[in-house]
1. All but one of (1) part of a loop (DSSP other than H, G, I, E, B); (2) out of contact with any helix residue (DSSP H, G or I) (no Cβ under 6 Å at 6 or more places or on another chain) hold for residue 153; which doesn't?
2. Could you grab me the full set of residues in the stretch 211-231 that are surrounded by 17 or more Cβ atoms within 10 Å (Cβ to Cβ) and within 24 Å of residue 84 (Cβ to Cβ)?
3. Within the stretch 234-253, is even one residue part of a loop (DSSP other than H, G, I, E, B), touching a residue at least 40 places away in the same chain (Cβ under 8 Å) and in contact with a helix residue (DSSP H, G or I) (Cβ under 8 Å, 6 or more places away or on another chain)?
4. So, of the residues in the stretch 50-94 that are touching a helix residue (DSSP H, G or I) at 6+ places or on another chain (Cβ under 8 Å) and closer than 23 Å to residue 166 by Cα, which turns out to be modelled with the highest pLDDT?
5. Counting residues that are over 26 Å from the mean Cα position of the chain (by Cα), at pLDDT 85 or above and surrounded by fewer than 20 Cβ atoms within 10 Å (Cβ to Cβ), which helices (runs of 4 or more DSSP H) fully inside the stretch 264-350 reach at least 2?
6. Taking into account only those residues within the stretch 82-103 that are of a type in the set (A, V, I, L, M) and touching a strand residue (DSSP E or B) at 6+ places or on another chain (Cβ under 6 Å), which is surrounded by the fewest Cβ atoms within 10 Å (Cβ to Cβ)?
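The values are calculated or read from the model by the stated rules, or taken from the named source; none is laboratory data. This is a predicted model, so every value here is computed, not measured. Please note: Cβ atoms are built from the backbone with ideal geometry, for glycine as well, and neighbour counts cover all protein chains shown.
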Amino acid sequence: MQALSLSQHFVTRQNMKKNRRIFLSICHIVLWFTVVPLLLAACSGLSPKITRTPAPAERSFLINQPKKDQKFASPAQIEKITPITNFEYRLGPGDVVNIKIWRRPELSQEGIVVSPDGLIAIPRVGSVNVLNLTQEEVQKIITVKLEPLYIKPEVTVWVREFHNNKAFVLGRVGKPGVINFPGKGTLLEGLALAGGLPDQGKLTRCAIIRGRENVIWIDLQDLLKNGNMALNAPILNNDVIFIPELNDELIYVMGEVLNPGAIQLKDGMNVLKAIMLAGGMNKNANAEKVFVIRQQNVNGDVIRVDFKRLVERGDFSQNFALLPDDIVFISPTGMAKFNYTLDKLTPALQILNLGTSDAETFGIMAKLRQNLWNQSGFVNSSTTTTGN
C-alpha cells in the first residue's frame, strides 16, 4: 500500500508539473500575442499634445483669415522716403530733345538723343553735359556759350521723348520690364503700364526698392480693394517695383490623408481646405483628433480640431484659418495603430485569427500536444510520432 501511495504521489507530482508547463506555455502565448502588440501599438505613430500656453495675438488661432506677419508701410513712412520738392523732370540717357535758337536756323536742332554719358552735341557750342539737368538749366548753359558769338541769343529747349523717368517692374505683372512715365509716376500708374496684375484678388503685397537702403512694402489689398490712395506711393526715377509670385508660402499636411505633403498656401486657406487638397482623410483617420501645430518661437502651439463635429454639426468654430508653415496632423484611430503594429511584426501574429491551421503551421499546436499528450511533430506530417 505504501508503494502504491508513493507511485500515486509521483504521478500526481508529474501531472502538476505538466499542467504547470502547459499553463506557462499558454501564458507566454497570451502575453506575446495580446499584450506585446498592444504596447507596441500604443508607441507607434505620432501623438501631438495640446499646449496650454496662450499664443501671441498675431499668431493666435482664429476662425477668420488672419493678417499676414508682413509689415506694411504706413502713409507716413511712404512720405518720409519721398522728396518734398516739386516734381521737375531731369534729362538722362535716351531722352530726345529739340533745340530752337531764334533767327538762327543753322544752330537749331531736332531729335537730339542724349548719349549714355549724358552728352548732346550742338553746332558752334560743342558737347554739353545735360545729365540730371532740367530744361531751363540746359537753356541757360547753351545761352551762356552762345553769348560771345551772338547778340542776345534766345534759346528754347524742350523734351520730345521722355526716357529718363523710368521704373523697373518685376514679378507677377502682365508685362514685367522697364516702364517710362510721361509725367510724375505713381505706383498704380506703374502697375498699369506694366500690364496690370493678373491675379489682383490674390496678390496682397508689393515692394518699392529705392536706392541701396530704402525698401517699403505696400498692402495692395488695402490700396486696391479699400481704395486707400494714401498708399499710392510716388515712383521716382530708377525705382524698382517688385510683386512676389503667388504661392511662395507652404503649409504641411501629415498623418492619415491620401496625399500627405506640402501644400501651397492660398488665400482663405483653412483646415477643411487643407485636408481636401491633401486628398481627404483615409479610412484609418480619426476625425475627432485633428491637430494644428503653429510655430510661435522655439516652442510651438498645438490645438485640437474636432473635424467630425465640423462636418456633422456644421461647427465652423473648428475650421481654423492657417498661416505659413502651419502643420495639420490627422491622427489614426486606435484600431489603425493596432493593425499597423500587426503588419510590422512577424507573420506569426496571424494566430490572432484563431485558425487551428495557422496555429499548426507556426508550431503552436505541436507545442501543446507535446505538453499534453507527449506527442511530437505536426498534424498530417510524416514526422509525427507518439511518445511512450
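1. Here residue 153 clears every test but (2).
2. 216, 217, 218, 219, 223, 231
3. Of the stretch 234-253, the ones part of a loop (DSSP other than H, G, I, E, B) are 236-238, 244-249.
Filter once more, so that each one left must be touching a residue at least 40 places away in the same chain (Cβ under 8 Å): 236-238, 244-246, 249.
Going one step further and asking which of them are in contact with a helix residue (DSSP H, G or I) (Cβ under 8 Å, 6 or more places away or on another chain), we end up with none.
The answer is no, given that none of the residues of the stretch 234-253 is part of a loop (DSSP other than H, G, I, E, B), touching a residue at least 40 places away in the same chain (Cβ under 8 Å) and in contact with a helix residue (DSSP H, G or I) (Cβ under 8 Å, 6 or more places away or on another chain).
4. Let us first name the residues in the stretch 50-94 that are touching a helix residue (DSSP H, G or I) at 6+ places or on another chain (Cβ under 8 Å), namely 63, 66-67, 69, 72-73, 75, 78, 89, 91.
Now narrow it down to the ones that are closer than 23 Å to residue 166 by Cα: 73, 75, 78, 89, 91.
Details: 73: 89, 75: 90, 78: 90, 89: 89, 91: 94.
Across the stretch 50-94, the extreme among qualifying residues is 91.
5. Hits in the stretch 264-350: 307-313.
6. To start, the set of residues in the stretch 82-103 that are of a type in the set (A, V, I, L, M) comprises 84, 91, 96-97, 99, 101.
After this cut, where a residue has to be touching a strand residue (DSSP E or B) at 6+ places or on another chain (Cβ under 6 Å) as well, the list is 96-97, 99, 101.
On the way: 96: 14, 97: 20, 99: 21, 101: 23.
The residue in question is 96.
A quick yes/no check of all residues on (1) over 23 Å from residue 105 (Cβ atoms); (2) surrounded by fewer than 17 Cβ atoms within 10 Å (Cβ to Cβ); (3) more than 47 Å from the chain's Cα centre (by Cα):
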| residue | (1), (2), (3) |
| --- | --- |
| 124 | no, yes, yes |
| 146 | no, no, yes |
| 155 | no, no, yes |
| 161 | no, yes, no |
| 169 | yes, no, no |
| 182 | yes, yes, no |
